[in-house]
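All remarks here apply to the structure that follows.
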Amino acid sequence: MNFINELKTSLVSNIRDYGMYLALAVITVVFTFRTGGLFISPNNIYNIIIQTGYIGVMAVGMTLVIVIRHIDLSIGSVLGFASAVSAILMLKTGINSVTALLIALAFGALAGTITGLLVARIGIPAFVASLAGMFIYRGMMFQVLSVNGGAAVRFKDPFIDAIGNGAIPRLFEIGPYAGSTVVIGVLLIVLFAYGRVKDRKIQQNYKFEVDSFALFMMKLLFVSIIILLFTLQMALGRGFPVTLAVVGLVIAIFHFVTTKTVLGRHIYAVGGNPEAAELSGIDVKKITIIVFAAMGLLAGLAGFMYAARLNSATLTAGRGLELFAIAGAFVGGVSAGGGIGKITGSIIGALVIMSLSNGMQMLGVATDTKDIVIGVVLVLAVVFDIYTRNLKH
């Protein structure tokens, strides 16, 4: 097979994975052209990243929930409740910000565990259990904030402000670029290349079919150039936001769990065929509880990030954000039929949704039109999922 034919075959066979990247590329080109380049300015990219941060974190958890064929509508309210609890405790008891973060994580994990128990042990459909949770945690958030007279709880803390709005310290300069950001970008390229080379060697050792060396190098070079261009653009401004580091840590942990551990294999086995998984000895109920607990934990983290970005906890915190997380997961390639979906894909899906929203906002598109466009994109993502699944059959 010559190089061109191999490239075509690779594109067709991986169209499901490449589709979201293509969508992001089209959105970037269109809005860059329509805004005269403002869309890809360092400041706007910075804003998109910190706006995507808490949505992306929740999309990671939602990926696992949808993979095991469930849904969680409560996470927006859990986000608001966790942010309210941590803010009120900081205000009334004087606890430090790190303790507040741990409390937000604990409340989120507890809420997720309760939802998981209702689904796995009692048999309540996830839609109903999480819908009830949405109302309960929303009401509890109002009660918590009533301690402050129902008003937004505002706070000022260097650690929280850094997570919500801060950038990686600009330790030195390389011409017009932030040196520390450039160094981190180069390290990311090295780590990516090392990982890809290592995976290729492992596949070759097990006699798996791999891309030709020319195609492998082309893919490696293409992704490295994208990372480098992104890094240089960010280094012209404030540099990488701290939010990106938090999201990167979440991605690394959950990507490792889903691809390198027994728990990850069991999650996908349950999503692929719950009955077969049960017969093979997998504790489906236990997996369900773990996945919902992880979802709650990430909603708690997202709540802290949301409050950090606004430097306050408000009555409207988290309202409707669960829908953005669900949309991000589906646009990122998670199958509505369960069993299929990648952590990295959902992050890109969340980025697609938020980039689309940001670009339309820059063009002055009305809110109702924005909602229509995002809804159409979501439908197209699911249609694309059904189409690619049928292709494989």
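The values are calculated or read from the model by the stated rules, or taken from the named source; none is laboratory data. Worth saying up front: this structure is predicted, and the values here are computed from it rather than measured. Note: ideal-geometry Cβ built from the backbone for every residue, glycine included; neighbour counts use all protein chains shown. Ligands, DNA and RNA are excluded from the accessible area calculation, which covers all protein heavy atoms including side chains. Shrake-Rupley method; radii C 1.70, N 1.55, O 1.52, S 1.80 Å.
Odds and ends about this structure:
- Pairing residues of segment 16-36 that are within 15 Å of residue 344 (Cβ to Cβ) with residues that are outside any helix (DSSP H, G or I) and open to solvent by less than 70 Å² (accessible area, probe 1.4 Å), at Cβ distances under 8 Å and at least 6 apart in sequence or on separate chains, gives 16/333; 17/333; 19/333; 20/332; 20/333.
- Scan segment 249-274 for residues that are free of Cβ contacts under 8 Å to residues at least 12 places away in the same chain and either surrounded by fewer than 15 Cβ atoms within 10 Å (Cβ to Cβ) or farther than 24 Å from residue 300 by Cα (or both) and the total you get is 9.
- Condition met for residue 246 (crowded, with 18+ Cβ neighbours inside 10 Å, of a type in the set (A, V, I, L, M) and either touching a His at 6+ places or on another chain (Cβ under 8 Å) or modelled with pLDDT of 90 or more (or both)): yes
- Residue within segment 71-83 that is modelled with pLDDT under 95, of a type in the set (Val, Ile, Thr) and within 28 Å of residue 385 (Cα to Cα) present: yes
- Residue within segment 307-319 that is in a helix (DSSP H, G or I), buried (at least 24 other Cβ atoms within 10 Å of the Cβ) and of a type in the set (A, V, I, L, M, F, W, C) present: yes
- Residue 381 modelled with pLDDT of 85 or more and assigned to a helix (DSSP H, G or I): no
- Subset of segment 321-369 [open to solvent by less than 20 Å² (accessible area, probe 1.4 Å), under 22 Å from residue 263 (Cα atoms) and in a helix (DSSP H, G or I)]: 329, 343, 345, 346
- Residue match in segment 252-266 (condition: among the small types (Gly, Ala, Ser) and under 30 Å from residue 308 (Cβ atoms)): yes
Conditions tested, residue by residue: (1) at pLDDT below 90; (2) in contact with a strand residue (DSSP E or B) (Cβ under 8 Å, 6 or more places away or on another chain).
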position: 279; (1), (2): no, no
position: 296; (1), (2): no, no
position: 311; (1), (2): yes, yes
position: 317; (1), (2): yes, no
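- Within segment 108-139, considering residues that are touching a Leu at 6+ places or on another chain (Cβ under 8 Å) and open to solvent by less than 20 Å² (accessible area, probe 1.4 Å), the one nearest to residue 312 (Cα to Cα): 108
- When the criteria are applied in full, residue 105 meets the requirement of being part of a helix (DSSP H, G or I), modelled with pLDDT of 90 or more, surrounded by fewer than 24 Cβ atoms within 10 Å (Cβ to Cβ) and hydrophobic (A, V, I, L, M, F, W, C).
- Only residues that are over 13 Å from residue 69 (Cα atoms) and in contact with a helix residue (DSSP H, G or I) (Cβ under 8 Å, 6 or more places away or on another chain) were counted in segment 265-281, giving 5.
- Total residues in segment 37-56 satisfying the condition of being open to solvent by 20 Å² or more (accessible area, probe 1.4 Å) and more than 30 Å from residue 74 (Cα to Cα): the figure is 6.
- Flag if residue 34 is open to solvent by 30 Å² or more (accessible area, probe 1.4 Å) and on the phi > 0 side of the Ramachandran plot: no
- Meets criteria (assigned to a helix (DSSP H, G or I) and either of a type in the set (Phe, Trp, Tyr) or farther than 22 Å from residue 287 by Cβ (or both)) for residue 145: yes
- When the criteria are applied in full, residue 185 fails the requirement of being under 30 Å from residue 293 (Cβ atoms) and part of a helix (DSSP H, G or I).
- Filter result for residue 64 (open to solvent by 30 Å² or more (accessible area, probe 1.4 Å) and at negative phi): no
- Condition check for residue 203: assigned to a helix (DSSP H, G or I), over 30 Å from residue 86 (Cβ atoms) and touching a residue at least 40 places away in the same chain (Cβ under 8 Å): no
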